[in-house]
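Let me begin by presenting the structure, written as structure tokens, before commenting on it.
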Amino acid sequence: METKLKKTYGYNEADFKKFMRLAWTVLLSFGLMYMFFYNGRQNINLVKNDIAGFFGFFKADGTPDASGISAITTTLFWSYAMGQLVNGRLGAYFGYKRYMALGVIVSCVCNVAISFVNTMWLFAVLWGLNGFAQSMVWSNGLEVLNKWWPKGKRGFSSGLATAFSGVGQVVTYLSVSLSLILFPNMEKWRVAFRFPIIPLVMALVAFLMLFKERPEDVGLSPFEEEDKEAAARDAALIAEVQGKGFLYPYIKLFSEPKFIVFCFISAIAGIGRYGLLNWMPTYFRDVHGMDVKGAIFGSILLPLGQACAMFVFPLITDKVFKGKREPMLALASVVTFICLVVFPFITNTTAATLMLFVVGVFSMVTGVIWAVAGDMGGRAFSATVVGTLDCAMYLGAALQEGTFGFFTKAGRWDLGFITIGGLYIVMLVLTLLAGRMKLKKL
């Protein structure tokens, strides 16, 4: 009987089947919608040179200079980071599903509006607003998943959701590429902001039909956590924050030294993820001589590798490390450092493309970080934890935008890769420190 209760999280057989069916429905509806959500964010990475050329930024040799539009591109990172800091709490106040849907709709409107602009300042304003809209979804989605998936399954659920986001980067590459083929006579950058939004709208409709915020909304009681320590912490956190003000979860979190360490780990993860993802099409175009379509497909292995890691790494922390997240972070840090130091010295395009997949796999540690966020916040305020860690991640992403722009302008791609590799060694040190720290008892 004890074993059966553990397997069914306190439900009888009929309710357990209903619970698992809906838990999967919530996970897949969120993951699929978020997969297409990247069509409204990563699309800019594939047409940076075209935007730079349109606004008159050129290198000495007459080719477009993508670093010239960093004033535009960084607006999304800053607004996304600031949005994540508050949107996890705002979603709890206004309703997770409603708030997420609003974010998708505003992002769609911003992207379509951008496709018609002719001035750089209006482009920057709309792209910044788009960043805030994009920040309204992720942390609230993971909060809902933590209400449907217990701690022993948290690495799996957060990993699969994060893998959808990794595949979303591939979907964006393919969506933009297909749009360029279908509309060859339009300006490339306008195509990239206008037509890839169509499948996102379709995914939003399915999300609104299928997504449920919590088991109580469908007549089920909350699941029973089989990890007794996690269950006790969960219950204590829920009781502690009840009736407290908007800022209380932040006060609670920033009194945790381990959480602060993970803020720095998240910032480095943001530098690594977006430092590679944002500039790889430009790298393959400038160094390996590929055109825009070739650069898209040449760099597609990076997000494919990232998607694999997003799913596999958190799952390993569940199955192999029994809920301990730090060993996987440490291993990934070491392998990423080695790969990034070697990568810029590979001159063969095929070898560089294959190595890119390996770099994508081991540099992508965000899935593990979201599992950590779920462990820290549980069902009480994991959206706040995710949002704050994602804020740190995007502050790192904003920092890399200007830094990599400097390296590319100077033609020193090798320094860019080596710098990111060095930061993964810093991540290793921080991870080893976090592994020795315990969350405070309540």
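Laboratory data are not the source of any read-out in this text; all were calculated from the coordinates shown. As the structure is a computational prediction, the values presented were derived from the model and not from experiment. Glycine also receives a Cβ, built like all others from the backbone with ideal geometry; neighbour counts cover every protein chain displayed.
Here are some notes:
- Per-residue ellipticity at 222 nm computed for the chain from its helices equals -25500 deg cm²/dmol, with DSSP H segments shorter than 4 residues left out and the rest contributing -39,500 (n - 2.57).
- Going from the fewest other Cβ atoms within 10 Å to the most, the residues THR162, THR317, THR74, THR63 appear in the order THR63, THR74, THR317, THR162.
- Degrees separating the helix 70-94 axis from the principal Cα axis of the chain, which is the longest one: 20
- From least to most packed, judged by other beta carbons within 10 angstrom and beginning with the fewest, TRP121, TRP413 follow the order TRP121, TRP413.
- Packing around the peptides 111-119, 144-152, taken as the average count of other Cβ atoms within 10 Å per residue, puts them in this order, highest first: 144-152, 111-119.
- Against the chain, whose longest principal axis is taken from its Cα atoms, helix 197-210 shows a tilt of about 10°.
- Distance from the range 79-122 to the range 317-364 (C-alpha centre basis), Å: 32
- Residue exposure proxy: ASP234, ASP217, ASP227, ordered by other Cβ atoms within 10 angstrom of their Cβ from fewest to most, comes out as ASP217, ASP227, ASP234.
- Pairs with C-alpha atoms separated by more than 22 Å, drawn from the list LYS258/LYS324; LYS151/LYS252; LYS258/LYS322; LYS212/LYS322; LYS147/LYS322, are LYS212/LYS322.
- Tilt relative to the chain, helix 96-114 - C-alpha long axis, 0 to 90 degrees, to 10: 10
- The Stokes-Einstein estimate for the range 65-198, based on a Kirkwood radius over Cα pairs and taken at 10 °C with 1.306 mPa s viscosity, is a diffusion coefficient of 97 µm²/s.
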